[in-house]
Number of protein chains: 2
Amino acid sequence: MTILKEKKITSELVFDGKFLKVFSDIVMLPNGKKGRREWIDHPGAVCCIPIINNNKIIMVKQYRYPLKSQFFELPAGKLDAGESPSDCAIRELEEETGFKANKLTFLSTIHPAIGFANEKMWLCLAENLHQTQQNLDKDEFLETIILDLNEAIMMIWNQEITDVKTIIGLLWAERILKKRKISD
Amino acid sequence: MTILKEKKITSELVFDGKFLKVFSDIVMLPNGKKGRREWIDHPGAVCCIPIINNNKIIMVKQYRYPLKSQFFELPAGKLDAGESPSDCAIRELEEETGFKANKLTFLSTIHPAIGFANEKMWLCLAENLHQTQQNLDKDEFLETIILDLNEAIMMIWNQEITDVKTIIGLLWAERILKKRKISD
């Protein structure tokens, strides 16, 4: 087996922004030479797949400034300091959509940008939902949409849904719901 | 329909690294107030799903410094300046694995980190492969692995594959190959 590990020699915080923390590290490469790695320190995030009646999905439509366009997404958000992924999932879902989940099933963790960020994202199925009140951050603007799961899945294959967490969350939910149907 | 668009007021390059370019922009939010958006400017990337005999996938195992661990991945890489996604796909696949593709099928574009980066990634099926020579970048270290597609798909559901491009690329390939079987 090849040794692939890279060891940190020095680490410098080169940008400490409101949202982004950027580091530039000098590392020891597997061949003993030095290299540079620039990376974003991310607090981690959750993505909810909120399901009503085993077939409807609550999604959001949001403008994403880095790409200057709107995206169909599953509700998601960053972990607050010290917050558990499940607390974050319930909080973010309610804040973004006004639905509170009474049942949360952890599906997987995924890694969205392994080349340049340490972001880890927890995927959770959110069920037994009841409506409360939306409570967006002051700089957050979005539209809530309820779609049939099948319709949302078709939007992946039609390239209308291109956000990675949303693609993976929907395909994972489809698999779980098919399994449930078989075992019913 | 809610207006969700945010308009740029000012943009500042706050870190101009070897790999990462970080901007901090002041924007006009949909409610007329000002907000800050920090984001990474990314050149775009391709991800190949290299298939042999309709059932074997060429993958790579790579150490990812931001997460301090090894990942099973599909071969992928960033676009060089002025390079087309298809040229990039063929180049990166050959550099990383030593396999040259004579057939490339575009599947979709995906967006890995819409919250903080403008990265767009092209997914391509790579077929009619013949072996040439691996030619890694001087700071790139990886191991090539050939897996059954079914085995790789199981590694998604078992959480052994957690890299988003790899999850989506494998599930997309599975769908295409099933369709081909049905139409055979």
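Throughout, read-outs are computed from the coordinates displayed, never taken from laboratory work. Just so it is clear, the model here is predicted, and its values are computed rather than measured. Methodologically, a virtual Cβ is constructed for each residue, glycine included, from the backbone with ideal geometry; neighbour enumeration extends over all protein chains shown.
Taking neighbour Cβ counts within 10 Å as the exposure measure, how do B:108, A:86 sort from fewest upward?
Working: B:108 18, A:86 14.
The fewest-first ordering by Cβ neighbours comes to A:86, B:108.
How many Cβ atoms of partner chains, on average, are near each residue of A:156-165 if near means within 10 Å of its Cβ?
5
What ranking do A:121, A:154 get, fewest neighbouring Cβ atoms within 10 angstrom at the top?
The fewest-first ordering by Cβ neighbours comes to A:154, A:121.
Would you pull out the residues with amide H under 5 Å of residue B:42's amide H, same chain only if 5 or more places away, H placed 1.01 Å from N?
Sorted by chain and number, the residues that satisfy this are B:118, B:119.
Against the longest alpha carbon principal axis of chain B, how many degrees, from 0 to 90 and to the nearest 10, is the axis of helix B:164-183 turned?
50
Search the structure for amide H atoms under 5 Å from the amide H of residue A:14, placed 1.01 Å from N in the peptide plane, and list their residues when 5 or more places away or on another chain.
A:22, A:23, A:24
Roughly how crowded by other chains is peptide A:62-74, in terms of the mean Cβ count from those chains within 10 Å of each of its Cβ atoms? Can you show the working numbers first?
Values: counts 3, 8, 11, 15, 16, 8, 5, 4, 4, 3, 0, 2, 0.
The shielding value for this peptide is 6.
Just the ratio, please: alpha-carbon radius of gyration of the protein assembly as shown over 2.2 N^0.38 Å, N its number of residues.
Normalised Rg, Cα atoms only: 0.99.
Determine the sum of side-chain charges near residue A:135: Lys and Arg each +1, Asp and Glu each -1, restricted to other residues whose C-beta is under 12 angstrom from that of residue A:135.
Around residue A:135, the charge tally is -3.
Can you give the average number of partner chain beta-carbon atoms within 10 Å of each beta-carbon in peptide A:32-43, as a whole number?
4
Give, rounded to the nearest 20 debye, the magnitude of the charge dipole that segment B:45-183 has about its Cα centre when Lys and Arg contribute +1 at Cβ and Asp and Glu contribute -1 at Cβ.
Values: 16 positive and 19 negative charges, 119 e Å.
Charge dipole, segment B:45-183, about its Cα centre: 580 debye, nearest 20.
Can you put B:171, A:123, B:177 in order of Cβ neighbours within 10 angstrom, beginning with the fewest? Could the numbers behind the result be given before it?
Numbers: B:171 19, A:123 23, B:177 16.
Exposure proxy ranking, most exposed first: B:177, B:171, A:123.
Amide H neighbours of residue A:107 under 5 Å, at least 5 residues apart or on other chains, H built in the peptide plane: list them.
The list, which skips near neighbours in sequence, is A:123, A:124, A:125.
Applying the Karplus parametrisation 6.51 cos²θ - 1.76 cosθ + 1.60 with θ = phi - 60° to the phi angles of segment A:37-53, what ³J(HN,Hα) value in whole Hz is obtained for each residue in order, glycine and proline being reported as x?
My calculation for segment A:37-53 gives 10, 9, 8, 9, 8, 10, x, x, 8, 10, 10, 9, 10, x, 10, 10, 6 Hz in order.
With θ set to phi - 60° and the Karplus curve 6.51 cos²θ - 1.76 cosθ + 1.60, what are the ³J(HN,Hα) couplings of segment B:123-130 in order, to the nearest whole Hz, using x for Gly and Pro?
Per-residue couplings from phi come out as 9, 9, 6, 10, 9, 6, 8, 9 Hz.
Once the convex hull of the alpha carbons of chain B is built, what does its volume come to per residue, in cubic angstrom?
So the per-residue Cα hull volume is 164 Å³.
I'd like the orientation of helix B:85-97 relative to chain B: the angle between its Cα long axis and the longest Cα principal axis, in ° from 0 to 90, rounded to 10.
Helix B:85-97 sits roughly 60 degrees off the main axis of chain B.
Using alpha carbons only, how many angstrom separate the centre of segment A:89-142 from the centre of segment B:46-70?
28
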